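What follows is a set of notes on a single structure, which appears directly below.
The values are calculated or read from the model by the stated rules, or taken from the named source; none is laboratory data. Everything quoted here is computed from the prediction, not taken from an experiment. Note: ideal-geometry Cβ built from the backbone for every residue, glycine included; neighbour counts use all protein chains shown.
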Amino acid sequence: MNLQIFFMTKALAEHNITDAQIEIDHIYGKTYVNGLEFGIKYPLEYVGNIDKLSKKKIYKYCFLGKFGKERGDLLSPFIGHESKIENNRKGRDNKTKFMFDTEYFQTISSTQYSLCPNQGSTEKYKHEYGWTYRLIETVLCKSVPVAFRATPYGQKFIRDIEFLWDNETHKLSDTDYNRIVEKNYEKGLQYWTLQPQEINQIRSN
């Protein structure tokens, strides 16, 4: 099963909707439920699990995941700066990818600025819906996302979520930092979890 389908299936089941027909357009981050179009949706169980984690910051930067040469080149300037940057395939392992990864989410929750490159700089990803799970997870973990100018997000994905660019100075005041993460978190819940009106729409379709 695709992770995108898994998340929506789990999110729907939390509202006792278990017989929906789910289809996806992964490149554009669209999820269709009984023909109705939605974006990426995370189950409330994940949000609750993240909320329980410590938000005390011990890293300045983090990235846990697979990276080849392009992504490695983007991440290399941040290695060693109080960072936790690891090249691994854990999130792609079918044995574990559908389980809540406490270590992964705790690392992001413990990081001031989470590195969130988009999927790549090829034309395949250069569109108005260009997206990444990592940005969503960073917002839900109350860390500030760092986007990369070489791999920007689509405007219809990022909307009004606040982030910093990789070539900016990453030194926010406590006031600005807290304002950004709290605002992003509220927007993230609105955008990336099922809302009451969406549930009603699915039930009445």
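The figures follow:
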| read-out | value |
| --- | --- |
| Number of the exception - Glu37 against (1) outside any loop (DSSP other than H, G, I, E, B); (2) touching a residue at least 24 places away in the same chain (Cβ under 8 Å); (3) not small (Gly, Ala, Ser) | (2) |
| Residue tally, condition outside any loop (DSSP other than H, G, I, E, B) and either of a type in the set (Lys, Arg) or under 25 Å from Glu82 (Cα atoms) (or both), over the stretch 110-141 | 14 |
| Residue within the stretch 83-92 that is more than 18 Å from Thr132 (Cα to Cα), in contact with a strand residue (DSSP E or B) (Cβ under 8 Å, 6 or more places away or on another chain), aliphatic (A, V, I, L, M) and surrounded by 12 or more Cβ atoms within 10 Å (Cβ to Cβ) present | no |
| Tyr153 modelled with pLDDT of 95 or more, hydroxyl-bearing (Ser, Thr, Tyr) and surrounded by 13 or more Cβ atoms within 10 Å (Cβ to Cβ) | no |
| Count of residues meeting criterion [touching a helix residue (DSSP H, G or I) at 6+ places or on another chain (Cβ under 9 Å), outside any loop (DSSP other than H, G, I, E, B) and within 16 Å of Gln119 (Cβ to Cβ)] in the stretch 142-189 | 5 |
| Breaking point among (1) surrounded by 13 or more Cβ atoms within 10 Å (Cβ to Cβ); (2) closer than 18 Å to Asn200 by Cβ, for Gly35 | (1) |
| Cβ pairs under 8 Å, 6+ apart, first in the stretch 177-205 and within 15 Å of Phe7 (Cβ to Cβ), second β-branched (Val, Ile, Thr) and part of a helix (DSSP H, G or I) | Gly188/Ile136; Gly188/Val139; Leu189/Val47; Trp192/Ile136; Trp192/Val139; Thr193/Val47 |
| Condition met for Trp165 (under 23 Å from Val33 (Cα atoms) and either out of contact with any Gly (no Cβ under 7 Å at 6 or more places or on another chain) or buried (at least 18 other Cβ atoms within 10 Å of the Cβ) (or both)) | no |
| Unique residue being part of a loop (DSSP other than H, G, I, E, B) and either within 28 Å of Leu12 (Cα to Cα) or among the hydroxyl-bearing types (Ser, Thr, Tyr) (or both) when the list is Phe67, Phe98 | Phe98 |
